[in-house]
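Q: Handing you a structure now.
The values are calculated or read from the model by the stated rules, or taken from the named source; none is laboratory data. Being a predicted model, the structure only gives us computed values, none of them experimental. Virtual Cβ from ideal backbone geometry, glycine too; neighbours counted across all protein chains shown. What goes into the accessible areas is simple: the full protein's heavy atoms, side chains included, and nothing from ligands, DNA or RNA. Shrake-Rupley method; radii C 1.70, N 1.55, O 1.52, S 1.80 Å.
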Amino acid sequence: MAVWLALLCSPAAVLAQEPACAQLEALGVEIAAARDSDPAAGVERARAALRMAEADARPCPSGKAMLQGAVAVNLDMLGRHGEAVQQYEAALATLDVAGTPTQRVFLHRGLGTALIALESYESALQHLLTALAVSDEAGLVIDSAKSAGNLGILYTTLGDFERARRYHKRALEGFERAEFKPGIAGSLINIGAVAAKFGQQASRQGDAATALREHQRLRETNERALTLFSELGNQRGVAYAESNIGLAWDRLGEPDRALTHHQRSLALREAIGDQSGTIDSLLGMTGVLTRLGRYAEALGVLGRADGLIPQDAYNLRREAVRQRVDLAEARGDLAAALLAQRSLTELVEQSADATQVEKLAQMQDRFDADQAEREIALLRSEARVDELRLQRQQLLTRLSLLVALLAVGLLLVLFSRYRIGVTSARRLAEAARTDPLTALPNRRHMWELLAQAAAAANRGGPPFSLLMADIDDFKAVNDRHGHGGGDGVLREVALRLRDSLRGQDAVARWGGEEFLFLLPDCDRRGAMRTAQRLRERIATEPFTVGSAHEPLMVTLTIGCSEFRPGMSVDECIRAADLALYQGKELGKNRVQGQPAATRGPEHAGSALHGPEHAGSALHGRSDAFPGIE
């Protein structure tokens, strides 16, 4: 290694030394670590080493691939994501079938992270799942945890926060088991970022207690991460923790404290050349300055962020435009706010739609199914080995009746194990499509049914309608009777709704106390009649709660929409959701039809702000910690 460092400082000495292949691989790993301190210098060092390696006549594909990966990881940190992707792809081509599992995982995981930044989510998921599978198969605990963390970041970006939290918790458990402090700190930041998303959802739903709990979790996890990263001297990690602590204080109503942390984060990110992080800090500062009434400063900071955001980074551009809308509204400049809102609508139309999200869910399902199939194949392999051993035993002990009876017994046990494996796989597949509390289809299963119904309708098939139902004042049920009582109400509501439908209709638990109905071959008028019947089925018969069987009246508010050929399933869902929202506003316990016209997929039912696009933040971005290495 010392020879190579000398060579990088003295190119004239290139022809005088011949480093071993192992030294090339180790040098690539060392230079890749420059991403946390000086990525620009890391790019130059890696390229110089790569030129020297290519001049060497001896083949060393793994060493060259690791140097190409070192170039890529530092380019990615500088915000040059397209160049990083090219370098990662070249590295994988160089590595081919050679290299260790650790090297293959490093390149696939890095490529997946760069593709997330380019918003190529389907390709990103493919490479990250490959990294996770290789890590698990090779028993690489730390690499498995890193891959799980990056999958968590992807699902946070896509708005699937439950799956994101599961992946980040898996990553944290792996890092803690291996006592890998950089990974522990990075996972704490990522868990905090997901908490910020849940807190924001709770705020929009009026659940102040949950919002406060999640925002406090955001602050606490990032304060722990800040301590660890400071001990490790990892300035990039310190910057991410400071940024998220700033977001937490902003959400907790202390913008002055938030601004101090954002300023620290910005200074660190600019010093190490972290362009993506710099943009996040600038956007966070814009929101805080707006809420402090320092509009001129906010406008200047937002202009700096605009100048750094790549043209194809739709999520970042969309967040910048949202900040511009907020700033214009705060200043009372409604004309500028309207102009910015139109730009926001255009960006939303260019970003990932429900079709892409569905494709990603299908890829995840295939990965999960492959995992289950491998487990079943392992059981079959074990059974076959045991069977061969048993046959050999029978040949050696043919004259012994006792041994023959034991052999039959063993065969029966093996056959039973095999049948248990098959049955377990079938039950796992069914469980993946069913909500465990209500036994209704879950969100994933309903998406499959919706896609089939939409495809049939677009081919000239029968129309269908959607109903979005929400239990009124459900939080009060949990507050008074506890979550056990609330769960009992949810189960009974689900049972009544399911029993009140036609055979071809479907109802799924959409989330919390929300239910989504698919009514095939049913227009809007028929759907309204069905919704009224469902509302009355719930409202007219009291529920019994708790061991005292206390009677409780429960009501539903239901929004209705009709699918029209040419619209997307997501638009139809949003129309039903908007109708539900209007029903709530008009007094609850009612059926509300689809409005005559909506203002666009992201803004139905609001003046200038609609439901936030999955994965983005309305007031300040929560920073996930990319590519834990």
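Q: Going by amide H atoms built from the backbone, whose H comes under 5 Å of the H on Asn442, apart from near neighbours?
A: HN-HN under 5 Å from Asn442: Thr434, Asp435.
Q: Kindly report, to the nearest 10 Å², the accessible surface of Lys197 as traced by a 1.4 Å probe over protein heavy atoms only.
A: We get 10 Å² for Lys197.
Q: How would you rank 438-444, 208-214, highest first, on the average number of other Cβ atoms within 10 Å across their residues? Don't skip to the answer; put the middle values down first.
A: On the way: 438-444: 18.6, 208-214: 15.7.
Packing proxy ranking, top to bottom: 438-444, 208-214.
Q: A further question on this structure: Taking θ as phi - 60°, what are the ³J(HN,Hα) couplings along region 71-83 by the Karplus curve (6.51, -1.76, 1.60), each to the nearest whole Hz, with x for Gly and Pro?
A: 4, 4, 5, 6, 4, 4, 5, 7, x, 9, 5, x, 5
Q: Something else now. Carbon and sulfur: what percent of region 144-294's accessible surface (1.4 Å probe)? Write out the running numbers ahead of the final one.
A: Details: 2450 of 5280 Å².
Roughly 46 percent, rounded to a whole number.
Q: With a 10 Å radius around each residue's Cβ, average the other Cβ atoms per peptide and rank 74-86, 107-119, 132-144, highest first.
A: 107-119, 74-86, 132-144
Q: Once ligands and nucleic acids are excluded and a 1.4 Å probe is used, how much of Thr555 is accessible, expressed in Å² to the nearest 10?
A: Here the residue's solvent-accessible area equals roughly 40 Å².
Q: Could you list, in their original order, any pairs among Lys64/Lys197; Lys64/Lys181; Lys181/Lys475; Lys64/Lys146 whose Cα atoms are separated by more than 32 Å?
A: Going by Cα-Cα distance, Lys64/Lys197; Lys181/Lys475 fall outside the 32 Å limit.
Q: Grab the Cα-Cα distance for Glu541 and Leu495, subtract it from 0.36 nm times how many residues apart they are, and report the gain in nm with one decimal. Kindly include the intermediate steps, with their values, before the conclusion.
A: Numbers: separation 46, 0.36 × 46 = 16.56 nm, distance 1.32 nm.
This chain segment gains 15.2 nm when fully extended.
Q: May I pose another question? Can you list the residues, at least 5 places off or on another chain, whose amide H is less than 5 Å from the amide H of Gly79, using H built in the peptide plane?
A: Amide H neighbours of Gly79: Gln275, Ser276.
Q: If amide hydrogens are placed 1.01 Å from N in the peptide plane, which non-local residues have theirs closer than 5 Å to the one on Glu550?
A: For Glu550, the qualifying residues are Val545.
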